[in-house]
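**Q** Please find one structure pasted underneath; my questions will follow.
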Amino acid sequence: MAASIAASAFFPGSPAPASAAPKNGLGERPESLDVRGVAAKPGSSSNALRAGKTRAHAAVPKVNGGGKSAVADGEHETVPSSVPRTFYNQLPDWSMLLAAITTIFLAAEKQWTLLDWKPKRPDMLSDTFGFGRIIHDGFMFRQNFSIRSYEIGADRTASIETLMNHLQETALNHVKTAGLLGDGFGSTPEMSKRNLFWVVSQMQAIVERYPCWGDTVEVDTWVSANGKNGMRRDWHIRDYITGHTILKATSKWVMMNKVTRKLARIPDEVRTEIEPYFFERSAIVDEDNRKLPKLPEDKSTAAANYVRTGLTPRWADLDINQHVNNVKYIAWILESAPISILENHELASIVLDYKRECGRDSVLQSHTTVHTDCNSESGETTLHCEHVLSLESGPTMVKARTMWRPKGTKAQETMVPSSL
């Protein structure tokens, strides 16, 4: 059907050709023809034309009760044209041609959608807009992310900050999708009434591999109880295509009052809101519960100490709760790590212990102490670092421990940290 429309646009229909008019004595066609193609007499051509117009006006009814005929504007079309027949005035109507082409494309598109079409890359259909969904009978939330070009580092892989941002994004979207989002940053309606919000107190992440630009990762997250006045949130990040684990993480959260900036107990009304979503499952079975270091007071011969001072938060580092986002602390901690470690090793795991919040006017310093470990099984040298992030005035903000493996090493060879 589409092809016939296109053909009619290129070759517009016309009435059947009339029989050839008789030629004159010189073998030429008569100079005067009427509208029917019949040779007209010289004296009667004008009378025949006027008679044809009169019959046309009489035969066509009036439009909408008007006084003009429907073909009044087109009466000149019946007048034989004296313009010679050339290639240009025989071209088809371009509006008809455009309509035909449009019809062809629409028909082809409809047929294409009816086919059982599958993309070459399965991740092209994976959570295209990244909205996420509730799974596992309502206890777990899943969301996919595509690794963007601006999320990769010098190693052409996603940075640890990128993965930690994915953890935070899924946590907030979990609350939103479950219908528990109040007017705060991850706060439930009952928490918003009492000026309460969640703050992370501890976090541990184990990285098995880092995704590359263009990879799609699948993030699962769920919550459970942590004592009487806390909540626990876990994550599991996998490669969407292969299903291989990328990162496992667990965290502990407590409540803070937005006005007094002090920790608060979980009200019974809030507990009633969140308890139906608790799912007792741990992403990390063997958690690193070892005591984290204090601010080093003296330099030991067995450890190298690195310090970075004058760290200040930018306006963009603050979140809706008017304090520094927890992911920013990781970047500050790694500011004091030696460049030789960053060039030759990759972060295998990190443990964070948050002590106090950081405001807009804070000035911090980052301390890193490097320890060398030898893996007796593989014979490779691995590193672990102890970090302290503190205000320059003295109070500690965050304590941390990081494990590092040589680049190119399989994750399972150095995943279990050696004892201190």
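**Q** Pick from T381, T402, T396: which is modelled with pLDDT under 90 and either of a type outside the set (F, W, Y) or under 25 Å from H244 (Cβ atoms) (or both)?
**A** Checking each option against the conditions leaves just T381.
**Q** Give me the residue from segment 250-271 that is free of Cβ contacts under 8 Å to residues at least 12 places away in the same chain and assigned to a helix (DSSP H, G or I) and, out of that set, nearest to R232 (Cα to Cα).
**A** R271
**Q** Something else: Within segment 163-192, restricting attention to residues that are in contact with a Gly (Cβ under 8 Å, 6 or more places away or on another chain) and of a type outside the set (A, V, I, L, M), which residue is nearest to Q143 (Cα to Cα)?
**A** Among those that are in contact with a Gly (Cβ under 8 Å, 6 or more places away or on another chain) and of a type outside the set (A, V, I, L, M), it is T170.
**Q** Is segment 181-199 home to any residue that is touching a helix residue (DSSP H, G or I) at 6+ places or on another chain (Cβ under 6 Å), open to solvent by 20 Å² or more (accessible area, probe 1.4 Å) and aliphatic (A, V, I, L, M)?
**A** Checked against the condition, which is being touching a helix residue (DSSP H, G or I) at 6+ places or on another chain (Cβ under 6 Å), open to solvent by 20 Å² or more (accessible area, probe 1.4 Å) and aliphatic (A, V, I, L, M), segment 181-199 yields at least one hit.
**Q** Can you confirm whether S349 is in contact with a strand residue (DSSP E or B) (Cβ under 7 Å, 6 or more places away or on another chain) and of a type in the set (S, T, Y)?
**A** The answer is yes for S349.
**Q** Could I ask something else about it? Is it true that E218 is open to solvent by less than 50 Å² (accessible area, probe 1.4 Å), among the charged types (D, E, K, R), over 19 Å from R133 (Cβ atoms) and in contact with a Ser or Thr (Cβ under 9 Å, 6 or more places away or on another chain)?
**A** No; evaluated as a whole, the condition is false for this residue.
**Q** Next question. Taking segment 147-165, which residues are farther than 17 Å from K328 by Cα, open to solvent by 40 Å² or more (accessible area, probe 1.4 Å), in contact with a Phe, Trp or Tyr (Cβ under 7 Å, 6 or more places away or on another chain) and not in a helix (DSSP H, G or I)?
**A** Across segment 147-165, the qualifying residue is only R156.
**Q** Do we have Q168 as part of a helix (DSSP H, G or I) and surrounded by 17 or more Cβ atoms within 10 Å (Cβ to Cβ) here?
**A** It is true that Q168 is part of a helix (DSSP H, G or I) and surrounded by 17 or more Cβ atoms within 10 Å (Cβ to Cβ).
**Q** Quickly run through segment 303-357 and pick out the residues that are over 29 Å from the mean Cα position of the chain (by Cα), surrounded by fewer than 17 Cβ atoms within 10 Å (Cβ to Cβ) and among the polar types (S, T, N, Q).
**A** If the condition is that a residue be over 29 Å from the mean Cα position of the chain (by Cα), surrounded by fewer than 17 Cβ atoms within 10 Å (Cβ to Cβ) and among the polar types (S, T, N, Q), then N305, T309, T312, S340, N344 are the ones that fit.
The values are calculated or read from the model by the stated rules, or taken from the named source; none is laboratory data. This structure is a prediction, so every number in the text was calculated from the model and none was measured. Quick reminder, even Gly has a Cβ in these numbers, built from the backbone with ideal geometry, and neighbours come from all protein chains shown. Remember, those area values only see protein heavy atoms, side chains included, never the ligands or the DNA or RNA. Shrake-Rupley method; radii C 1.70, N 1.55, O 1.52, S 1.80 Å.
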